[in-house]
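Every number in this text was worked out from the coordinates using simple rules, so none of it is lab data. Predicted, not measured: the structure shown is a model, and the values here were computed from it. Glycine also receives a Cβ, built like all others from the backbone with ideal geometry; neighbour counts cover every protein chain displayed.
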Amino acid sequence: MWSLKPYKSPPSTCPSCKSDNEGFGTWQFTGLHLLGIGRCTNCGIKYYHNWPVGHGVDFPISFDDQSSSRYPQKSKKWLAEPLITAIRTGSNTTASVERMVRQTISDVLLLNCLDPCYGHILWKLFNAIYYQDLEDSQGIIVLIPANCQWLVPDFVAEVWSVDIEIDLLGLPIPQLDDFIREMTNQYDSMHILPASTHIDHGKFDLKPFLRIDKFDLVSFSKQQVCITFIWRQDRFWLSSTIGEWLNLIAIKYSQAWINQWLARKQLQKIKQVADLVLEQIPNAKFKVTGLGTYGIFPEYFNDLRQNRPDPKTEIEWCSTYQQSQLVIGVHGSNMLIPTALAAGFIELIPKSKLPFITEDILMKHPARFQTFLGRHLDLLTSAKLIAAHAISMIKDFDYLYKHTLAES
Ligand SMILES: [Zn+2]
């Protein structure tokens with residue numbers, strides 16, 4: 001494991017002459033990245049490289065101040081270019097850091113969860129589960145955005161919470177670099193955990209993070225039917241390829257009126273699904289959670305949406321998912337916690353997200369139940385077909401459940 005104390009830094013490859021270099025003696029903690037800074041022993045240029053932490057494990061990036069850079073193409077748009085541009089232009093942002101000490105430790109395992117993508121923050125945080133049984137002097141410190149701090153498990157020794165909007169976390173935070181240097185001096189050792197973003201959630205319990213049990217399948221048919229829709233206003237439920245194009249235009253050119261039009265269409269589609277379900281399951285109740293408060297739902301929806309949810313709201317949403325036979329939403333990190341707690345899900349997936357189909361799903365049932373209760377449908381799927389899936393899942397699961405258990 002690489003460490004800031006005793007100092008042990010990883011090797012890197014020069015972006016100019018491609019020579020391999022031993023670990024550099026200078027580092028910079030940007031927030032998202034831990035960078036090594038030094039000179040190539042072969043060609044002499046000064047360059048930066050990311051330590052193999054988080055996505056740095058799979059995507060090594062090295063670059064100089066001018067024009068040389070080296071990184072996997074797959075990481076270009078979302079990881080490499082934002083980092084290189086920020087360092088070359090000297091862009092940065094500001095944020096205060098709060099330190100919460102729960103347990104006195106001298107040997108630190110630092111788990112850096114800072115990331116401009118909400119889903120990545122969660123996946124990095126889940127790594128904490130593997131470091132519960134440590135020696136007395138050792139402990140994990142979780143570095144995390146303040147609005148995700150409610151998810152940090154109780155066994156974590158310290159929480160360093162950064163008060164910042166998540167989407168700004170691609171930029172270097174000089175105060176954080178100062179803070180990490182100061183803190184490093186206060187411990188006997190500080191190792192940096194790899195913070196994998198692809199760990200197997202099937203192998204551990206999510207309760208230490210969510211602090212609530214998931215929906216109990218025994219109650220599936222006994223409990224009043226509750227379907228929760230997950231709302232977001234930057235990726236919409238669509239009905240045609242025209243909508244897909246408009247969505248792309250709205251994102252690229254920040255056209256608010258298109259967003260509003262798509263949000264109105266989305267609201268109508270959710271209402272259509274609910275109305276079709278009600279025809280077959282008259283006592284079903286509907287809730288809607290998520291980011292954004294566009295429009296007004298009919299009175300038979302319990303509208304729990306927020307523009308800026310605080311921890312109290314997040315916990316209330318968790319309770320809603322835990323009582324839902326079904327959550328329905330568009331693919332994205334917005335589906336992680338809902339699919340961890342609800343009995344089943346329907347996810348609408350854009351074609352561009354097919355390679356990432358598993359990344360936002362935390363549901364874990366035995367295989368037969370998982371197939372039945374976890375449905376991926378195309379983003380353009382009609383309200384009628386979404387409702388047909390929902391109705392079948394609600395009405396037919398009991399038969400599968402009882403017979404599967406009887407066989408085992
Ligand atoms: Zn070189």
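General observations
- Potential extension, Ser221-Asp275 segment - 0.36 nm per residue separation minus Cα distance: 17.4 nm
- Prolate/oblate/rounded call for the stretch 96-204, Cα gyration tensor, a/c under 1.5 rounded: oblate
- Calculated FRET value between Thr41 and Thr104, using beta carbons and R₀ = 41 Å, to 0.05: 0.50
- Between Glu135 and Leu377, the contour length at 0.36 nm per residue exceeds the alpha carbon distance by 82.4 nm.
- Estimated from helices alone, the mean residue ellipticity of the chain at 222 nm is -9000 deg cm²/dmol (sum of -39500 (n - 2.57) over DSSP H runs with n ≥ 4, per residue).
- Residues Tyr187, Tyr130 arranged by fewest to most Cβ contacts within 10 Å: Tyr130, Tyr187
- The stretch 3-89, relative contact order in percent, only Cα pairs under 8 angstrom and at least six apart counted: 20 percent
- Within the chain, percent of DSSP bridges classed antiparallel, to nearest 5: 40 percent
- For the chain, taking a cut-off of 4.7 Å between Cβ atoms, the unpaired cysteines are Cys113, Cys117, Cys148, Cys226, Cys318.
- The share of alpha-carbon pairs in the chain lying farther apart than 42 Å comes to 20%.
- Cα gyration tensor category, rounded, prolate or oblate, for the stretch 362-408 with a/c compared to 1.5: oblate
- On Cα atoms only, tilt of 174-184 relative to the major axis of the chain in degrees: 70 degrees
- Other residues lying with their Cβ under 13 Å from the Cβ of Pro282 contribute a combined charge of 0, Lys and Arg counting +1, Asp and Glu -1.
- Length gained on full extension, Leu400 to Trp78: 111.7 nm, using 0.36 nm per residue less the C-alpha separation.
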